[in-house]
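Below is one structure; the comments refer to it alone.
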Amino acid sequence: MLQATWPYPRWIAHRGAGKLAPENTLAAFRLGASHGYRMFECDVKLSSDGVPFLLHDDNLTRTTNATDKMGPDSDVIGGHHPWGTLAQLDAGSWHSRSFAGEPLPSFEAIARYCLRNGYFLNIEIKPTPGLARQTGDVVARHAAQLWQNASVPPLLSSFEVPALEAARAAQPDVPRGLLLDALWPGWLETAQSLGCVAIICDHVLWDQVTMTRAQNAGFKTLSYTVNDETTARHLLDLGIDGIITDRVDLFTPVSPCA
Ligand code: G3P
Ligand code: MG
């Protein structure tokens with residue numbers, strides 16, 4: 001499914017448009033696109049009835065009006081609620097009044113937006129605790145089905161090895177990247193055993209040694225979340241293949257393929 005050459009742009013808008021719009025909403029994707037971005041990262045988990053949707057945190061309190069709507073003593077774990085309930089929440093007002101009423105998006109809605117516009121997607125599998133395998137399995141199946149007629153598949157990623165194992169078992173041809181917030185023992189071998197195409201590190205972890213090790217093993221190298229020019233320059237000098245940024249207003253992809 002993955003093309004012989006790396007098909008993805010270098011610049012990737014984190015959660016749609018970083019902090020300029022409510023994260024992981026369609027409004028954020030639209031804003032990121034208006035800044036010239038053609039690839040986006042988003043966080044995907046499952047509702048209690050198995051619908052993949054976008055949400056970073058385990059709970060709904062920071063980025064939705066769940067507490068107001070459900071009451072102060074309610075269960076605010078996003079994955080404990082059915083999609084019909086989640087779809088009623090306001091995921092924009094917390095950010096600013098101009099985004100009031102912006103809904104939590106289903107993964108399918110975001111997928112169709114990206115496909116229709118020819119945009120690339122990095123889907124971070126962000127399971128509700130205890131649901132790593134189920135989430136990896138379901139997200140990979142949905143991704144394969146939604147992108148079945150596309151020339152470039154989405155890039156799945158996760159910090160959670162069981163999620164990537166399940167994604168691979170379900171849909172081995174959908175490419176995967178291992179996310180790392182530390183260089184724990186066996187990171188390279190684990191990425192190899194998962195059949196990953198990419199390693200996606202916190203930017204502080206990349207230096208010439210780790211870059212060379214990853215590249216010599218055949219991996220593409222990406223970094224999150226890069227929000228200043230000095231760090232970006234350093235990573236580019238090391239030979240980074242992809243940069244995930246909040247600062248869609250600071251870094252401008254020079255062309256759709258940049
Ligand atoms: O996928 C890169 C980055 O999004 C990982 O960290 O916490 O922002 O999802 P986080
Ligand atoms: Mg993420």
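Where a number appears in this text, it was derived from the coordinates with a stated rule and is not lab data. Bear in mind that the values here come from a model prediction, so they are computed numbers and not experimental data. Counting neighbours? That spans all protein chains shown, and the Cβs are built from the backbone with ideal geometry, glycine included.
Report the label-to-label distance for T252 and R141 in nanometres (one decimal), using points 7 Å from each Cα along the Cα→Cβ vector.
So the label points at T252 and R141 sit 4.5 nm apart.
Report the gain in length on full extension from T190 to N149: 0.36 nm times residue separation, minus Cα-Cα distance, nm rounded to one decimal.
Numbers: separation 41, 0.36 × 41 = 14.76 nm, distance 3.04 nm.
Length difference between fully extended and current span is 11.7 nm.
Would you mind computing Rg(Cα) / (2.2 N^0.38 Å) for the stretch 177-258, counting N as its residues?
Relative to the rule-of-thumb radius for its length, the stretch 177-258 sits at 1.08.
Roughly what % of DSSP beta bridges within the chain run antiparallel, to the nearest 5?
Of the beta bridges lying entirely in the chain, close to 20 percent run antiparallel.
In nm, what is the difference between 0.36 nm times the number of residues separating S74 and S96 and their Cα-Cα distance?
Here the segment from S74 to S96 would lengthen by 5.5 nm.
Just want the answer: with Cβ charges of +1 for Lys and Arg and -1 for Asp and Glu, which residue in Q192, P253, V209 is farthest toward the dipole's positive end in the stretch 100-258?
Going by the Cα projections, it comes out as Q192.
Rounded if a/c is under 1.5, else prolate if a/b is larger than b/c, else oblate: which is the stretch 1-46, with a ≥ b ≥ c the root eigenvalues of its Cα gyration tensor?
oblate
D for the stretch 1-123, whole µm²/s, Stokes-Einstein with Kirkwood Rh over alpha-carbon pairs at 4 °C and 1.567 mPa s: what number?
Value of D from the Cα-based Kirkwood radius: 87 µm²/s.
What number in nm² do you get for the stretch 55-199 if you take the convex hull of its Cα atoms and divide its surface by four?
Working: hull surface 39.6 nm².
The Cα convex hull of the stretch 55-199, projected and averaged over all directions, gives 9.9 nm².
Let's see if you can work this out: charge +1 on each Lys and Arg Cβ, -1 on each Asp and Glu Cβ, no other charges. What is the dipole magnitude of the stretch 138-258 about its Cα centre, in debye to the nearest 20?
Dipole about the Cα centre, nearest 20: 400 debye.
Just to be sure I understand the curve: with the Debye formula and one point per C-alpha of the stretch 79-154, what is log10 I(q)/I(0) at q = 0.24, 0.26 Å⁻¹?
Results for the stretch 79-154 at q = 0.24, 0.26 Å⁻¹ read -1.17, -1.21.
Rounded to two decimal places and with Rh computed the Kirkwood way over Cα pairs, what is Rg over Rh for the chain? Don't jump to the answer; show the numbers that get you there.
On the way: Rg = 17.5 Å, Rh = 18.4 Å.
When Rh is taken as the Kirkwood radius, the ratio is 0.95.
Percent of Cα-Cα pairs more than 23 Å apart in the stretch 123-217, please.
Percentage above 23 Å: 24.
Can you give the charge dipole size of the chain about its Cα centre, rounded to the nearest 20 debye, using +1 on the beta carbon of Lys and Arg and -1 on the beta carbon of Asp and Glu?
It works out to roughly 680 debye.
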